[in-house]
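First the structure, in the form of structure tokens, and then the observations on it.
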Amino acid sequence: MPSTYVLNMNDCLGNNPIACGKCAEACEQNAINYDDHDEILTREIGAIIVAIGLDVYDPTEMDEYGYTRFDNVITSMEFERLICAGGPTAGHFVRPSDQERPKRIGFVQCVGSRNPKIGRPYCSNICCMNTIKDTLLLADHYPDVQNTVFYQDIRASGKSFEDMFQRSKEAGTRYIRGLPGEVEEDPETHNLTVTVENTTSGSLERHELDILVLSVGVQPPKDLAKISSLLTLSKTSDGFFMESHPKLKPVDAPTRGVFFAGFCEAPKDIKDSVCQAGASASRAGALLNTGRIQIEAITSRIDEQACMKCGQCAAVCPYGAINWKKGEVAVVVEAACAGCGACGATCQFDAITMRHFTDDQLIAQVRALLELEPQDKVVVFACNWCSYAGADMAGISRIQYPASNRVVRTMCSARVSEEMVLEAFRCGAPVVLVSGCHYADCHYINANRQTAKRMQRLWDKLEKAGVRPERLQLEWISAAEGQKFAEVMRQMEELRKTVTMEEIEHTRHALQPKHKKIPEKKTATAGAR
Amino acid sequence: MVAPKPLEDEIRIGVFVCDCGLNIAGAVDCAAVTVFAKALPGVVCAVRNKYTCADPGQNEIKDAIRAHKLNRVVVASCTPRQHEPTFRQCVREAGLNPYLMEMANLREHCSWVHPGNREGATRKAMDLVASAAARARFLQPQQELSVPVTKRALVIGGGVAGIEASLQLADAGHKVVLVEKQPSIGGIMAQLDKTYPTMDCSI
Ligand code: SF4
Ligand code: SF4
Ligand code: SF4
């Protein structure tokens, strides 16, 4: 609720030209300024706290509770307005159909929560305690009410929560374990009848009520996707923001300098939101206090002698970090380079060195992994932010999968060059998987588009060389998708079993470079073991 | 006397294989991995630790760097997403450029996902160590670019979390820009009447 009046431009008849102007006439202070307009402000920033909150679940789709059909079925948010002294009824709790005070009040828990059928498997955290609070408020205001709560489990694990739960029971609230299957309305009285299977007693019960409050859950705010792509953040499977580490860095985003506070990271109540806000402020403050930060030395370098001035690298850089003009050598602006490696994988003239993720280093890894019994192994290129982290998540969750995979980490899937994939096949890999972030979640804006393009070229190449293209696979696996990583590994193992020794031998020869592209030096040193 | 070949003879890798208590050693034959590592090209010492990240483990790395004149370090333990900063700092303290340290992920990517397959897990662990050691031979010291941090924070969202974070930052003397898409701050909390557990007003 704004503390001063604002014009709600969605409802105003129009200010350009002024269609009605009554408000300006009525305002003696001449405070209405129709010429005020949105402005874009630019500020330099050293740290960001993302606290974009939540959206409340809209129960319209759960028609069995009759929210759209019956006047006296309301949401817990609507309840808040009806019980609030500053609300439309000045805090007198009346029901919508006849403005009478209801005596038999029902609450349904988990509306839009813990329900995988509607894609909302998580617990919203706050609704149990909110309902308990509501029953206490009602019992306090109106000693004659009968509150009935329909629930699956009551989660009252916070400090002094159990005490509140007990007080609610002592105040006469009935707790019935079981969610209503159906709600009917008497068209005359507008009273409601709720049918519920009481799972404690095992009996089917009918309860007549004057009003039913749906204890609605919460969901990630709809702006989350926009903020997520602006700041290159990731989401967990329930759609909230993913933190850097669940125990060790619970308020840090994987993107440096970005921190989370409140609901947008996971459902939590006011106290926890305040705690997390404090933690975020302290993390952000520490960063601002340091004055300077070190940038990881993983940026791109261009060898001006080797550069053939083709401009390919500048075309693929998602950050515009490469300056190139026709006929000139390309130059990297180090402070702008994020180190994805898309340029390094694109340059056909070996002119780019990705510091700490060089061709030599990555090819040496591939060769070492495949030195012994390559036919038993699946080579997996995994990007640091999503699929490598997804594999970590599989580990943290102890999800088992076949031990045939061998992971090579790159910062971005766009770093994986054609040469790396071909070299894996030449070394005898039956299956190669390139994996990265889901399309919209790329940590490097959209570098993974280059991955997709390169894979297409590689599939064409393999096909031409008479190699089954499906032996090269592409998967997008997020940091939260440990399950998916394990599932993909199982599929890769099945695929591996279909690859014969003859195929592998044929591939080794079919993919030999026509003109030796890898300089002798690298081959010699890397192959020395 | 023949002059020593430049690259090959200069590489001196130390490999540190971590048990992580039983987290890794429970599923991987760490003793066998250590023996295997010792025979890899460029490796001059291979050590098995119970907990490499703990002080005794880190000291062992530092001592070995000095004793064996190591110029590359491979830590075969957990995910670099957890302990890369720890071990980079560790080798730095022993005088090595932090980019000369490489990790092999034997825990999240191996022991934790292949319990009950000791042979498969051990083979995989050996490959991961071989891969890290092969990569280590090509590692180069790197200098990090240092950039100034603008001393101003942005808080996106003016609900209870955003307000609290802004106030705390401001109390600590930082400039804060708070953005809110609605005409007023307060968010969802301002739409509530009383809040639990104290049953007092939300605003
Ligand atoms: S792609 Fe390679 S050769 Fe082409 S401009 Fe970039 S660095 Fe130079
Ligand atoms: S493409 Fe990636 S690595 Fe290359 S300059 Fe741009 S940001 Fe840096
Ligand atoms: S270094 Fe990693 S694997 Fe080793 S004890 Fe520490 S946490 Fe465990």
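The values are calculated or read from the model by the stated rules, or taken from the named source; none is laboratory data. These numbers were taken from a predicted model, which means no experiment stands behind them. In this analysis, Cβ positions are derived from the backbone assuming ideal geometry, glycine residues included, and neighbour counts consider all displayed protein chains.
Of all residues in the range A:24-33, at least one satisfies being in contact (Cβ under 8 Å) with a residue 24 or more places away in the chain and β-branched (V, I, T). For the range A:324-333, indicate whether the set of residues that are within 16 Å of ligand 3 (Cβ to nearest atom) and surrounded by fewer than 20 Cβ atoms within 10 Å (Cβ to Cβ) is non-empty. Looking through the range A:324-333, none of the residues is within 16 Å of ligand 3 (Cβ to nearest atom) and surrounded by fewer than 20 Cβ atoms within 10 Å (Cβ to Cβ). Applying the criterion of being touching a strand residue (DSSP E or B) at 6+ places or on another chain (Cβ under 7 Å) and either away from ligand 3 (no atom under 12 Å from the Cβ) or modelled with pLDDT under 95 (or both) to the residues of the range B:1-28, the residue that is farthest from the other protein chains (Cβ to nearest Cβ) is B:G14. Inspection of the range A:351-359 identifies no residue that is more than 10 Å from ligand 2 (Cβ to nearest atom), touching a Cys at 6+ places or on another chain (Cβ under 9 Å) and either within 11 Å of another protein chain (Cβ to nearest Cβ) or closer than 30 Å to B:C78 by Cβ (or both). Comparison of B:E108, B:E102, B:E84 shows that the only residue that is out of contact with any helix residue (DSSP H, G or I) (no Cβ under 8 Å at 6 or more places or on another chain), farther than 12 Å from B:D29 by Cα and acidic (D, E) is B:E84. A:H515 meets the conditions (1) assigned by TED's automatic domain parsing to the domain that holds A:V431; (2) at pLDDT below 95 in every case but one. The failed one is (1). Can you find, within the range B:50-66, the residue that is farthest from B:A134 (Cα to Cα) among those that are assigned to a helix (DSSP H, G or I) and in contact with a strand residue (DSSP E or B) (Cβ under 8 Å, 6 or more places away or on another chain)? By that ranking, first place goes to B:P56. Contact map, the range A:168-186: residues that are part of a helix (DSSP H, G or I) paired with residues that are surrounded by 14 or more Cβ atoms within 10 Å (Cβ to Cβ), Cβ distance under 6 Å, separation 6+ or inter-chain. Pairs shown: A:S168/A:I132; A:S168/A:T135; A:S168/A:L136. Of the candidates A:G291, A:G285, A:G320, the single residue that is over 25 Å from B:F138 (Cβ atoms), more than 13 Å from ligand 1 (Cβ to nearest atom), within 9 Å of chain B (Cβ to nearest Cβ) and under 28 Å from the mean Cα position of the chain (by Cα) is A:G285. Restricting attention to the range A:442-458, the residues that are among the small types (G, A, S) and in contact with a strand residue (DSSP E or B) (Cβ under 8 Å, 6 or more places away or on another chain) total 1.
Of all residues assigned to the range A:369-387, none qualifies as being among the hydroxyl-bearing types (S, T, Y) and within 11 Å of chain B (Cβ to nearest Cβ). Just to verify a result, which residue in the range B:186-203, among those that are touching a residue at least 12 places away in the same chain (Cβ under 8 Å), over 39 Å from the mean Cα position of the chain (by Cα) and surrounded by 15 or more Cβ atoms within 10 Å (Cβ to Cβ), is farthest from A:T4 (Cα to Cα)? Filtering first and then ranking leaves B:S202. Scanning the range B:140-177 for residues that are part of a loop (DSSP other than H, G, I, E, B) and more than 7 Å from chain A (Cβ to nearest Cβ) turns up B:Q140, B:P141, B:G158, B:G173. When the range A:338-362 is limited to residues that are more than 15 Å from A:E418 (Cα to Cα) and within 13 Å of ligand 1 (Cβ to nearest atom), the one that is farthest from the chain's Cα centre (by Cα) turns out to be A:A351. Exactly one condition in (1) within 14 Å of chain B (Cβ to nearest Cβ); (2) outside any strand (DSSP E or B); (3) modelled with pLDDT of 95 or more is false for A:R406; which is it? Going through the list (1) within 14 Å of chain B (Cβ to nearest Cβ); (2) outside any strand (DSSP E or B); (3) modelled with pLDDT of 95 or more, A:R406 breaks only (2). For the range B:45-100, filtered to residues that are within 14 Å of ligand 3 (Cβ to nearest atom), aliphatic (A, V, I, L, M) and surrounded by 20 or more Cβ atoms within 10 Å (Cβ to Cβ), the residue that is nearest to the other protein chains (Cβ to nearest Cβ) is B:V74. Being surrounded by fewer than 24 Cβ atoms within 10 Å (Cβ to Cβ) and either within 16 Å of ligand 2 (Cβ to nearest atom) or hydroxyl-bearing (S, T, Y) (or both), is that true of even one residue in the range A:433-441? Yes, there is a match, as at least one residue in the range A:433-441 is surrounded by fewer than 24 Cβ atoms within 10 Å (Cβ to Cβ) and either within 16 Å of ligand 2 (Cβ to nearest atom) or hydroxyl-bearing (S, T, Y) (or both). Contact map, the range A:421-441: residues that are part of a loop (DSSP other than H, G, I, E, B) paired with residues that are among the hydroxyl-bearing types (S, T, Y), Cβ distance under 6 Å, separation 6+ or inter-chain. Pairs shown: A:H438/A:S478. Scanning the range B:98-133 for residues that are polar (S, T, N, Q) and under 27 Å from A:I298 (Cβ atoms), we see that the one that is farthest from the chain's Cα centre (by Cα) is B:S131. A:G390 satisfies every condition listed in (1) within 14 Å of chain B (Cβ to nearest Cβ); (2) under 30 Å from A:M242 (Cα atoms); (3) touching a residue at least 24 places away in the same chain (Cβ under 8 Å); (4) within 16 Å of ligand 1 (Cβ to nearest atom) except (4). Here A:V194 passes the criteria (1) within 13 Å of another protein chain (Cβ to nearest Cβ); (2) within 25 Å of A:P121 (Cβ to Cβ) except the one numbered (1).
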